[in-house]
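Asker: Once you've had a glance at the structure underneath, I'll fire off some questions.
The values are calculated or read from the model by the stated rules, or taken from the named source; none is laboratory data. In this text, all values refer to a predicted model and were calculated from it rather than measured experimentally. Cβ atoms come from the backbone with ideal geometry, glycine included; neighbour counts cover every protein chain shown. Quick note on the areas: whole protein, heavy atoms, side chains included, nothing else; ligands and nucleic acids left out. Shrake-Rupley method; radii C 1.70, N 1.55, O 1.52, S 1.80 Å.
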Amino acid sequence: MGKPTGFLEIERQVSKAVEPKKRIQNFNEFHKHLSKDDQACQGARCMDCGVPFCQSGRELEGAVSGCPLNNLIPEWNDLIYHNNYKQALARLLKTNNFPEFTARVCPALCEAACTCGLNGEPVTVKENEYGIIEDAYAKGLIKPCPPTHRIDKKIAIVGSGPAGLTAADQLNKRGYQVTVYERDDRIGGLLMYGIPNMKLEKEVIDCRVGIMKAEGVVFKTNCGIEDEKQAKELLDNYDRVILACGSRKPRDIDVPGRQGRGILMAVDYLTAITKSLLNSNLKDKNFAPTKDKHVLVIGGGDTGNDCVGSAIRLGCKSVTQLEMMPELPAIRSDNNPWPEWPRIKKTDYGQEEIAVFNQDPRIYQTTVKEFILDKNGQVKEAVIVSLEPKENKETKRVEMVPVAGSEQTIPADLVLISAGFIGTEDHVARAFNVTLNPRGNVKSNQDYQTNIKKLFVAGDMRRGQSLVVWAIKEGREVARAVDFDLMGYSNL
């Protein structure tokens, strides 16, 4: 530990965000990151505690505490303090294939478990991770390193999201001949089209994909493997196949008026915006008209927030965001102690940016009862209703049920449904004839093998909708499982 008293003397400092009224004018990343001197000070705050909860990745009370990748956080915090960024990079890459992604989009489970957070502010782990990887890119340290020896075995990976990319990176480094199939026109999956540009600029993905191509990974875009013939060809022509197609079956809502025009799935809305941004800087207008619209977002999670931020940037008139669950407390409650994941109210960038309308867009314990359409079938209003928690006498579970007489009507010209996902898409599962679990995800054993010989699965397609950091974790583990299955041992 470089500075034993650092956590007592130095206050937490994070990157500064461009103020909302300026950043909503474009879709660029908007954080001004710390200088090297400030990063050194933040690294000095790390306590090098005897039990580093930050890197534990253990489940506590139904939620994970600490980093699922088991990043060697105290080690590279100390190296930052000593300005040894090259060695810090080596320790970071030992557990994380793509820190340039997680340093931007991860919710930082590590920081929630930081020992400093028990009686103060946690160490800026995410900020330090960003500093390490961006310093490496600036110095040209992240460059192609093709394997010196090739194994005469071919691996196909279906899906190029974070799980697929990680598995490809690991297996290619081992020497396998790896081909990644992606049904979209660009590589990246969730990273490319599920996360808006202001959270993760797409040049960051393209840069890493370019390095992987130079290392020998073959990428095939516009190549979805979605019928039985394609699936059979893959299984016949490759030694092993990994499914990493994500959990992309969105949860819909079944209320009167749902068939109306202007009611979209959130992921489709975000995908269209990013495609338009990359293809024409939004000039082609190939996305749902948003300017001067009253936008209703159904769902309070990260995707819902991304819809809020995107709609504001596209000039909407107003945004309302519905959340079924009660509003969380501002600070930890007594039954949610450290180092559990803090169940507290989170105000994300989209909600901050709604300040241009002088309002918080969120309405808690509320859902839609009906959509009202105009004579042309276009949604114009929504009838919303309040909810209250009640115990179901049969299941003994608490459910959110409508409050009689609480209905009210609000304007809604554009509705974005962000109610989560309910498993892998049916046609992909049928194509490979894989067994699904009760949650609609592909069932596998502890070694990531499906019920089909030679076929493995990882990421959201296996565990359900989750975080990028978990996808990277599963990509690393499925690569090791495939390597062991083929070779009888693994050094991954």
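Asker: Using per-residue counts of other Cβ atoms within 10 Å, averaged over each peptide, order 120-133, 421-434 from highest down.
Answerer: 120-133, 421-434
Asker: Using modelled amide H (1.01 Å from N, peptide plane; none on Pro or chain starts), what sits under 5 Å from the amide H of Gln378, excluding residues fewer than 5 places away?
Answerer: Those lying under 5 Å, H to H, from Gln378 are Arg261.
Asker: Separation between the Lys443 and Lys139 pseudo-spin-labels, each 7 Å from Cα along Cα→Cβ, expressed in nm?
Answerer: Rounded to a tenth, the inter-label distance reads 5.0 nm.
Asker: Further question on the same structure: Would you be so kind as to identify which of Gly299, Leu277, Ser15 lies farthest towards the positive end of the dipole of the chain, taking Lys and Arg as +1 and Asp and Glu as -1 on Cβ and the Cα centre as origin?
Answerer: Among Gly299, Leu277, Ser15, the one farthest towards the positive end of the dipole of the chain is Leu277.
Asker: Restricting the count to DSSP beta bridges whose residues both fall in the chain, what percent are antiparallel, rounded to a multiple of 5?
Answerer: DSSP beta bridges in the chain are roughly 45 percent antiparallel.
Asker: To continue, here is another question. With a point put 7 Å past each Cα toward its Cβ, work out how far Lys36 is from Ile422 in nm, to one decimal.
Answerer: Taking the two extended label points, one gets 5.4 nm.
Asker: What does the charge count around Asp48 come to, taking other residues whose C-beta lies under 11 Å from its C-beta (Lys +1, Arg +1, Asp -1, Glu -1)?
Answerer: Here the count lands on 0.
Asker: Where does the charge balance sit around Gly216 when Lys and Arg score +1, Asp and Glu -1, over other residues with C-beta under 13 Å from its C-beta?
Answerer: That sum, taken over residues with Cβ under 13 Å, equals +3.
Asker: Sticking with this structure for a sec: Summing -39500 (n - 2.57) over the DSSP H runs of n ≥ 4 in the chain and dividing by its residue number, what mean residue ellipticity at 222 nm do you reach, to the nearest 500 deg cm²/dmol?
Answerer: Calculated at 222 nm, the ellipticity per residue is -9500 deg cm²/dmol.
Asker: Take each of the peptides 193-199, 60-66, average the number of other beta-carbon atoms within 10 Å over its residues, and list them starting from the highest.
Answerer: Most protected by this proxy first, the peptides run 193-199, 60-66.
Asker: Calculate, in nm to one decimal, what Thr148 and Asn28 gain on full extension: separation in residues at 0.36 nm each, minus their alpha carbon distance.
Answerer: That pair, Thr148 and Asn28, stretches by 39.4 nm at full extension.
Asker: State to the nearest 20 debye the size of the charge dipole of the range 156-289 about its Cα centre, where the only charges are +1 on K and R beta carbons and -1 on D and E beta carbons.
Answerer: Dipole about the Cα centre, nearest 20: 300 debye.
Asker: Highest mean first, how do 34-40, 278-284 rank when packing is the count of other Cβ atoms within 10 Å averaged over residues?
Answerer: Highest mean packing first, the order is 34-40, 278-284.
Asker: Between Asp236 and Val255, what length comes free when the chain is fully extended (0.36 nm per residue of separation minus the Cα-Cα distance, one decimal in nm)?
Answerer: Going from the current span to full extension adds 2.3 nm.
Asker: Charges only on Cβ, +1 for Lys and Arg, -1 for Asp and Glu: so what's the dipole of the chain about the Cα centre, in debye to the nearest 20?
Answerer: Result for the chain is approximately 880 debye, rounded to the nearest 20.
Asker: Let me know the charge dipole size of the range 66-163 about its Cα centre in debye, to the nearest 20, where only the beta-carbon of Lys, Arg (+1) and Asp, Glu (-1) is charged.
Answerer: Roughly 600 debye for the range 66-163.
Asker: Starting from the residue with the highest accessible area, list Lys375, Lys32, Lys275 in decreasing order, probe 1.4 Å.
Answerer: I get Lys375, Lys32, Lys275, largest accessible area first.
Asker: Using only the heavy atoms of the protein chains and a 1.4 Å probe, how would Arg439, Arg183 rank by accessible area, largest first?
Answerer: My answer, sorted largest first, is Arg439, Arg183.
Asker: If we restrict to alpha carbons, what Rg and Dmax does the chain come to, in Å?
Answerer: Rg, Dmax (Cα atoms, Å): 23.3, 71.
Asker: Here is a further query. Tell me, what % of the accessible area of the range 127-226 is carbon and sulfur with a 1.4 angstrom probe?
Answerer: Carbon with sulfur: 49 percent of the solvent-accessible area.
Asker: Sticking with this structure for a sec: Taking a threshold of 18 Å on the Cα-Cα distance, which of the pairs Lys369/Lys396; Lys453/Lys473; Lys154/Lys213; Lys154/Lys232; Lys126/Lys275; Lys143/Lys199 fall above it?
Answerer: In this structure, Lys369/Lys396; Lys453/Lys473; Lys126/Lys275; Lys143/Lys199 lie more than 18 Å apart at Cα.
Asker: Put +1 on the Cβ of every Lys and Arg and -1 on every Asp and Glu Cβ in the chain; which of Ile151, Gln449, Ser310 then has its Cα farthest towards the positive end of the dipole?
Answerer: Final value for the positive-end residue is Ile151.
Asker: I've got another one for you. What distance in nm separates the simple spin-label points at Gln359 and Val218, each placed 7 Å from Cα in the Cβ direction?
Answerer: Computed distance between label sites Gln359 and Val218 equals 5.5 nm.
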